[in-house]
Amino acid sequence: MNDATSGTLEKKLSRTAPIYACALRCFFLFSAASSCAATAIHAALAEQVGSASGLPIPRYVSLKSDRVNLREGPSKDHRTIWVFQRAGLPVEITAEFEIWRKVRDSEGAEGWVLHSLLSGRRTALVAPWKKGIDAALHDKANAESSLIAKLQPNVIANVRGCDGAWCKVSVESFSGYIQQSNLWGVYPNEKIE
């Protein structure tokens, strides 16, 4: 390469280097801003709270009564689409509107119920997706510990606590530990004290 070509190349590089440097700075700033925005959105979704209660959404609760009307919308003017007839049944609150809560049951049915018909008491259904397969209730939070009872699918268990892998529950006169993955009414890895 001769000196004339070398000088021309150096001039071009000296003019374009600041442009590339600026472009790289902009790219990194944009990437950082995008990452921060994505983190903030994820955090906001993870920490969403109900407009009426200020409690987390979604969350599990249970039915207070043996007769709870599930409605199409958040008022008594809306048609009843289902009647729950099992006190203690766990449901998941997915939205709130004034004194109404939108709930989902273990089968995916959704509708609105009055908040006064719900309880903060935590219950769970034993493996409703495992038709005909019993779940083991142990005396300790360990699959090798003694078996206390075998619980049939859809049995309602009172949740006393969970460590993220096992839950201490009571069902009628039995009390023991069940794997958290065998319950509908607690979130995976959720800790309950």
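Any idea which residue in segment 126-160 is most open to solvent (accessible area, probe 1.4 Å), counting only those that are more than 27 Å from the chain's Cα centre (by Cα) and of a type in the set (Asp, Glu)?
144
Exactly one condition in (1) within 26 Å of residue 192 (Cα to Cα); (2) surrounded by fewer than 16 Cβ atoms within 10 Å (Cβ to Cβ); (3) not β-branched (Val, Ile, Thr) is not met by residue 106; state its number.
(2)
Quick check, is residue 173 over 24 Å from residue 190 (Cβ atoms), open to solvent by 20 Å² or more (accessible area, probe 1.4 Å) and either touching a Pro at 6+ places or on another chain (Cβ under 7 Å) or free of Cβ contacts under 8 Å to residues at least 12 places away in the same chain (or both)?
Yes, satisfied.
Which numbered condition in (1) modelled with pLDDT of 95 or more; (2) among the acidic types (Asp, Glu); (3) under 19 Å from the mean Cα position of the chain (by Cα) is the only one that residue 47 fails?
Of (1) modelled with pLDDT of 95 or more; (2) among the acidic types (Asp, Glu); (3) under 19 Å from the mean Cα position of the chain (by Cα), only one is false for residue 47: (1).
Pick from segment 176-193 the residues that are over 16 Å from residue 137 (Cα atoms) and open to solvent by 20 Å² or more (accessible area, probe 1.4 Å): which of them is nearest to the chain's Cα centre (by Cα)?
It comes out as 187.
The values are calculated or read from the model by the stated rules, or taken from the named source; none is laboratory data. Remember, predicted model here, so these are calculated numbers, not experimental data. Positions of Cβ are generated from backbone atoms using ideal geometry, with glycine treated the same way; all protein chains shown enter the neighbour counts. Ligands, DNA and RNA are stripped out before the accessible areas are found, and what is left, the full protein with its side chains, is counted by its heavy atoms. Shrake-Rupley method; radii C 1.70, N 1.55, O 1.52, S 1.80 Å.
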